[in-house]
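Asker: Okay, here's the structure, questions in a sec.
The values are calculated or read from the model by the stated rules, or taken from the named source; none is laboratory data. All figures in this text were calculated on a predicted structure; none of them were measured in a lab. Cβ placement follows ideal geometry from the backbone for every residue including glycine, while neighbour counts extend to all protein chains displayed.
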Amino acid sequence: MEPVSVGQSLTGLGSFLLYFVSSLVFLVLFKWLYPLITPHKEWQLVREERNTAAAVAMAGAYVGFSIALGSAASHSVAYLDFVIWAVVALLAQGVAYVIANIVLSGVSQRIKNQELSAGVIAGGTSVAVGILNAACMTY
């Protein structure tokens, strides 16, 4: 096996930075867009009311989105491909919320009422959808 130089190891640094910074931008975009589809205001509930159910639901949504976003980054064939699949991942998390609301009727009101079980169902559903979304991106 031939030794690898530092220069050879860093040849992909530019692509890494592009995908990593873009992923962080998508994560911030998700933080801004996701609360627009839920009737409850997660950040307000977490910050002002210290609502654990809302925190668990939000954490699950972030983790689920990040899992799918990571798959989009690792399986994309070009930057535009990554961007398209990142948007798909974002939309899939909206679907996760709809599923959680169907499974647990009135999930938003339950989260507002600090029902931890509702936050766990919502967050768990987001993670599950993120895992499925990531797995389906392995074309």
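Asker: For region 56-69, what are the residues that are among the small types (Gly, Ala, Ser), surrounded by fewer than 24 Cβ atoms within 10 Å (Cβ to Cβ) and either at pLDDT below 95 or within 8 Å of the chain's Cα centre (by Cα) (or both)? Walk me through it before giving the result.
Answerer: Kept after step one, since they are among the small types (Gly, Ala, Ser), are these residues of region 56-69: 57, 59-61, 64, 66, 68.
In the following step, the residues that additionally are surrounded by fewer than 24 Cβ atoms within 10 Å (Cβ to Cβ) were identified as 59, 66.
66, the sole residue that qualifies.
Asker: Still on this structure, please answer the following. What number goes with the only condition from (1) of a type in the set (A, V, I, L, M); (2) without any contact (Cβ under 8 Å) to a residue 60 or more places away in the chain; (3) within 20 Å of residue 25 (Cα to Cα) that residue 104 does not pass?
Answerer: (3)
Asker: Next question, about the same structure. Filter region 14-59 down to residues that are in contact with a helix residue (DSSP H, G or I) (Cβ under 8 Å, 6 or more places away or on another chain) and farther than 29 Å from residue 80 by Cβ, then give me how many there are.
Answerer: Matching residues across region 14-59 total 17.
Asker: Right, another one. Being touching a residue at least 60 places away in the same chain (Cβ under 8 Å) and closer than 29 Å to residue 104 by Cα is the filter here, so list the residues in region 73-87 that pass it.
Answerer: 86
Asker: On to the next question. Taking residue 100, is it closer than 22 Å to residue 23 by Cα and not β-branched (Val, Ile, Thr)? So that I can check it myself, show each step before the final result.
Answerer: Working: closer than 22 Å to residue 23 by Cα: no; not β-branched (Val, Ile, Thr): yes.
Spelling it out, it is not the case that residue 100 is closer than 22 Å to residue 23 by Cα and not β-branched (Val, Ile, Thr).
Asker: Another question about this same structure. Could you list, in sequence order, all residues of region 96-130 that are more than 12 Å from the chain's Cα centre (by Cα), in a helix (DSSP H, G or I) and polar (S, T, N, Q)?
Answerer: 101, 108, 109, 117, listed by residue number.
Asker: Return a yes/no flag: does region 123-130 have any residue that is within 30 Å of residue 12 (Cα to Cα), in contact with a helix residue (DSSP H, G or I) (Cβ under 9 Å, 6 or more places away or on another chain), at pLDDT below 95 and of a type outside the set (Val, Ile, Thr).
Answerer: Checked region 123-130: at least one residue is within 30 Å of residue 12 (Cα to Cα), in contact with a helix residue (DSSP H, G or I) (Cβ under 9 Å, 6 or more places away or on another chain), at pLDDT below 95 and of a type outside the set (Val, Ile, Thr).
Asker: Limited to region 91-103, what total is found for residues that are surrounded by 19 or more Cβ atoms within 10 Å (Cβ to Cβ) and of a type in the set (A, V, I, L, M)?
Answerer: Result for region 91-103: 3.
Asker: Turning to a different aspect of this structure: Say we look at region 104-123 and pick out the residues that are surrounded by 18 or more Cβ atoms within 10 Å (Cβ to Cβ) and of a type in the set (Gly, Ala, Ser); which of these is nearest to residue 71 (Cα to Cα)?
Answerer: Across region 104-123, the extreme among qualifying residues is 123.
Asker: For region 46-53, state whether one or more residues are farther than 30 Å from residue 16 by Cβ, among the β-branched types (Val, Ile, Thr) and touching a residue at least 12 places away in the same chain (Cβ under 8 Å).
Answerer: Looking through region 46-53, at least one residue is farther than 30 Å from residue 16 by Cβ, among the β-branched types (Val, Ile, Thr) and touching a residue at least 12 places away in the same chain (Cβ under 8 Å).
Asker: Can you pull out every residue in region 107-132 that is within 25 Å of residue 86 (Cα to Cα) and of a type outside the set (Val, Ile, Thr)?
Answerer: The answer is 119, 122, 123, 124, 126, 128, 130, 132.
Asker: Something else: Condition check: closer than 19 Å to residue 117 by Cα, in a helix (DSSP H, G or I) and at pLDDT below 95. Does residue 32 satisfy that?
Answerer: no
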